[in-house]
Structure formats: C-alpha cells, structure tokens
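This report concerns only the one structure given below.
The values are calculated or read from the model by the stated rules, or taken from the named source; none is laboratory data. Just so we're clear, the structure is a prediction, and the values are computed from it rather than from any experiment. Don't worry about glycine lacking a Cβ; one is built from the backbone with ideal geometry, like all the others, and counts go over all protein chains shown.
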C-alpha cells in the first residue's frame, strides 16, 4: 500500500487541496519529527498526551514507564489518534481573515499492542535513533531491570492523512491594493549550543551525535 | 480559584514532582504558545487536531471555518482535552534509560460553546494578538461576511495541570563514572527573517508586529 484510502475519519474536509494520502508524504512528515500528540478515550473522555516516537514502516513505536496511564490504556488495543505537527511559519495576509499558518501535519489512526520482550530493545533503539541519530550507541544500553520497567507499544497505522500549507498569503483580489504589508514569518525548531552536564567528571569531548548542532 | 484540584483526569501520575496545578504556571505555559492539539471523541473514536488559540482568563478561544468538523462537534458541548507542549531540549544522559526531554506542557479539560455574534470580533482579536501581537490593528479587519464564515468557540477550563522538566540529566549513581558525555541539547521555536509577499504592490515597510523578528 502506498496510499491510504479516504475515510470519514482521515479525510481532510477543510481545504481539501491541502490533504495528502500517500505514504511518501506522510512518512516524510513523521520522520521529520519525534514528538507526537497521542489521543485516546477513557470513560468517554478524550486525553491528549505529548510523547516521543519512532517509525518502522507502518508501525509507530511509543514508549514509557510501564505504569503510565497512556500506555496501560493503549496496550488494550483501544482506538488511537496520533498527530504530528510541524509549524513552518505565520502567514500574514492583508486581511485578518486570510491570515494562516504554514505547517505540515499528519493525523493517523490505529491501534497499539505491547511489543514482546525480545523485540523491546530494537524498538527502543528505533525511537532513540529517531530523536537523536547516533546517541543509542554512545549511551550505556538498557539493562534487564530497565527494560522491564519500560513498556513499548507498536501502533499500527490503519488510516492516515497529511495536511500541508506552504507559500505566501492568498488575499482577496480587492485587498491587494491595500497599503498593508503581507508575507510570511518563518518559524522552525532550532537547537542551540549543547550544555554539558555540570557533573561530567572528566574532560569528555562532545560526542558525534551532538557535534552537528554546535 | 488560583489552583486546579487534582482529579483522576488531570493528576500527573508519572513523576508527580513534575506536576503543577496553579493557574500562574498553567497560564504562563499557555501564553507562551499559540498552537494547541485539541482532542475530542466522535463515535467513540479519538481525534487530535492542531489549532491556534488565545486565552482570556479561564477561557480558551478557538476558531475556524464554520463547517470545520472539529468546531461543529465541539460546539455541541462534548468533552474536550486541549494540550499545549513546548519542547525545550533533549536531555542526554549517560544511560539510554535516563534520556529525557526538557519541556513545559499543559493538559486541560473542559467543554466549549459557540461565541455569540456580538462577541466574535473581540474573541478573534484575542486569538490574533496571542499569535502575533500588534498584527490585528495592521490588517484589514473582518467584514460581516467573513465573520459569518468563521466560528469561534469559548472553551471553559474545568480541570488543568502542567508538567515541567528542566535542567541537566539525572543518571544512576554508578553511571557518573562512565566515560560518556552527558548534557542537554537546547531546542526552541525560532523565527527567521520575514519573507515579503512577492505580490506586494508597492514599497511597504515591514510593520511594527514583524520588526522584532528581523
């Protein structure tokens, strides 16, 4: 499958031309981030929890403490909605009404199940590598006690869509003559210089994983 | 009320010391952002949609096209969970297990109702000012047709909590002797130089609202 079917759940209804259903676009947006907002229902009420993730094919891995409310609920196989949003800019139009944002987002639906003990290590590595490539091999790897204290879930993507807006504002024709500045204020997540742990005991150089951000 | 009660819904269960329930902390986190992830339930299934917001006291304003699925569902008064997350950094510990993130997040619960016609303009202004201060007065204000095409919701905060992590990694005692670099890679949303709309018809200077970002 290289494209998700449009359903009542994943179809982009407002401004349909911004909707995308192909896996290439959806996976690119997922792989450009590592923080998702996960929605689930408990006793009829919605919960939205920010959490890290990693992707392997059509599976999203989530992890956390074994006692986490989100994970204990999700591993029962209840419906999940996972959303990833990258904000790319404020779109400043001539009219208030046509103000917008540039963004890339994915909304996906599926159900999760717990990852078996023997696959946990690999799944955690996928999440770690998605957050900061190379760090997994630098850090002390998890021991048996730590693996036991960690629950990892595999969320199978059943339905998904992406929504993208980019480019300059689009104003009403008659507004282009107004003496009002219009344009885009670009926004992105940026890193700044790494801060060494004050408790670092000896002169340890910055590792490979962090050096690109210096 | 200056503090929200702890309930089964809003209580921070994992690492309770990171939980905050006072309005000052919660409102500061809300006011530091303008993009929320809104969770709601339709036919038993969760939806999580990214959307802009503004705050006035204990009310969060949301807006969108009148035909929006999210808004048409929310205005019926169904339970809503709204989450705002600021990512502040990657926390790189000596062990994989103790890796974390620095963040400030708010998870709030409430129900929304539609803002009356006569209050719509003010509510839209609150959202706009929260996204980019000063822009409302620069842009052409909404006309009657545009106001009619826009639905604005007032989401009353019933329950809320904040969760905050900051500072360097915390490792197991025995790991501090390992020759592994540890520290924090700070992350924040940053703006870059404003991009003028190529269709701007005359030499219009950058407005007040945007100048601080140059």
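Is it fair to say residue A:8 is out of contact with any helix residue (DSSP H, G or I) (no Cβ under 7 Å at 6 or more places or on another chain) and either touching a residue at least 60 places away in the same chain (Cβ under 8 Å) or farther than 19 Å from residue B:39 by Cβ (or both)? Steps first, answer last, please.
On the way: out of contact with any helix residue (DSSP H, G or I) (no Cβ under 7 Å at 6 or more places or on another chain): yes; either touching a residue at least 60 places away in the same chain (Cβ under 8 Å) or farther than 19 Å from residue B:39 by Cβ (or both): no.
No, not satisfied.
From the list B:149, B:112, B:139, B:93, exactly one residue is over 17 Å from residue B:29 (Cα atoms) and under 17 Å from the mean Cα position of the chain (by Cα). Which is it?
Values: B:149 fails: under 17 Å from the mean Cα position of the chain (by Cα); B:139 fails: under 17 Å from the mean Cα position of the chain (by Cα); B:93 fails: under 17 Å from the mean Cα position of the chain (by Cα).
Matching residue, one of B:149, B:112, B:139, B:93: B:112.
Restricting to segment B:122-146, name every residue that is without any contact (Cβ under 8 Å) to a residue 40 or more places away in the chain and surrounded by fewer than 17 Cβ atoms within 10 Å (Cβ to Cβ).
Listed by number, the residues that qualify are B:122, B:137, B:141, B:143, B:144, B:145, B:146.
Just give me the residues in segment B:126-144 being assigned to a loop (DSSP other than H, G, I, E, B) and farther than 21 Å from residue B:213 by Cβ, in sequence order. First the steps, then the outcome.
First pass over segment B:126-144, keeping only residues assigned to a loop (DSSP other than H, G, I, E, B): B:132-134, B:139, B:141-143.
Residues satisfying the conditions are B:141, B:142, B:143.
Applying the selection to segment B:5-38, what residues are surrounded by 15 or more Cβ atoms within 10 Å (Cβ to Cβ), modelled with pLDDT of 95 or more and not in a strand (DSSP E or B)?
Listed by number, the residues that qualify are B:21, B:23, B:25, B:26, B:27, B:29, B:30, B:33, B:34.
Yes or no, residue by residue, for (1) at the interface with chain A (Cβ under 7 Å from one of its Cβ atoms); (2) modelled with pLDDT under 95; (3) touching a helix residue (DSSP H, G or I) at 6+ places or on another chain (Cβ under 8 Å); (4) assigned to a helix (DSSP H, G or I):
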| residue | (1), (2), (3), (4) |
| --- | --- |
| B:40 | yes, no, yes, no |
| B:47 | yes, no, yes, no |
| B:50 | yes, no, no, no |
| B:71 | no, no, no, yes |
| B:76 | no, no, no, no |
| B:84 | no, no, yes, no |
| B:110 | no, no, no, no |
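Taking the conditions exactly as written (more than 9 Å from chain B (Cβ to nearest Cβ) and under 24 Å from residue A:60 (Cα atoms)), does residue A:127 satisfy them or not?
Working: more than 9 Å from chain B (Cβ to nearest Cβ): yes; under 24 Å from residue A:60 (Cα atoms): yes.
When the stated conditions are applied, residue A:127 passes them.
Mind telling me which of the residues A:117, A:173, A:145, A:163 ends up being within 10 Å of chain B (Cβ to nearest Cβ), out of contact with any strand residue (DSSP E or B) (no Cβ under 8 Å at 6 or more places or on another chain) and more than 20 Å from residue B:91 (Cα to Cα)? Break it down stepwise before answering.
Values: A:117 fails: within 10 Å of chain B (Cβ to nearest Cβ); A:173 fails: within 10 Å of chain B (Cβ to nearest Cβ); A:163 fails: out of contact with any strand residue (DSSP E or B) (no Cβ under 8 Å at 6 or more places or on another chain).
Every option except A:145 fails the conditions.
Of the residues B:199, B:189, B:206, which single one is facing chain A (nearest Cβ under 7 Å), in a loop (DSSP other than H, G, I, E, B), closer than 25 Å to residue A:187 by Cα and in contact with a strand residue (DSSP E or B) (Cβ under 9 Å, 6 or more places away or on another chain)? I'd like the intermediate steps shown before the answer.
On the way: B:199 fails: in contact with a strand residue (DSSP E or B) (Cβ under 9 Å, 6 or more places away or on another chain); B:189 fails: in a loop (DSSP other than H, G, I, E, B).
Among B:199, B:189, B:206, only B:206 is facing chain A (nearest Cβ under 7 Å), in a loop (DSSP other than H, G, I, E, B), closer than 25 Å to residue A:187 by Cα and in contact with a strand residue (DSSP E or B) (Cβ under 9 Å, 6 or more places away or on another chain).
Would a scan of segment A:24-42 turn up a residue that is over 17 Å from the mean Cα position of the chain (by Cα) and free of Cβ contacts under 8 Å to residues at least 24 places away in the same chain? Reasoning before the result, please.
Let us first name the residues in segment A:24-42 that are over 17 Å from the mean Cα position of the chain (by Cα), namely A:41-42.
Applying the additional criterion that residues be free of Cβ contacts under 8 Å to residues at least 24 places away in the same chain yields none.
No, the conditions are met nowhere in segment A:24-42.
Considering A:90, A:30, which residue is within 7 Å of chain B (Cβ to nearest Cβ) and more than 25 Å from residue B:73 (Cβ to Cβ)? Quick ask: steps written out before the conclusion?
On the way: A:30 fails: within 7 Å of chain B (Cβ to nearest Cβ).
One residue alone meets the criteria, A:90.
With the checklist (1) touching a residue at least 60 places away in the same chain (Cβ under 8 Å); (2) over 30 Å from residue B:23 (Cα atoms); (3) surrounded by fewer than 16 Cβ atoms within 10 Å (Cβ to Cβ) in hand, flag the one item residue B:166 doesn't pass.
Among (1) touching a residue at least 60 places away in the same chain (Cβ under 8 Å); (2) over 30 Å from residue B:23 (Cα atoms); (3) surrounded by fewer than 16 Cβ atoms within 10 Å (Cβ to Cβ), residue B:166 violates only (2).
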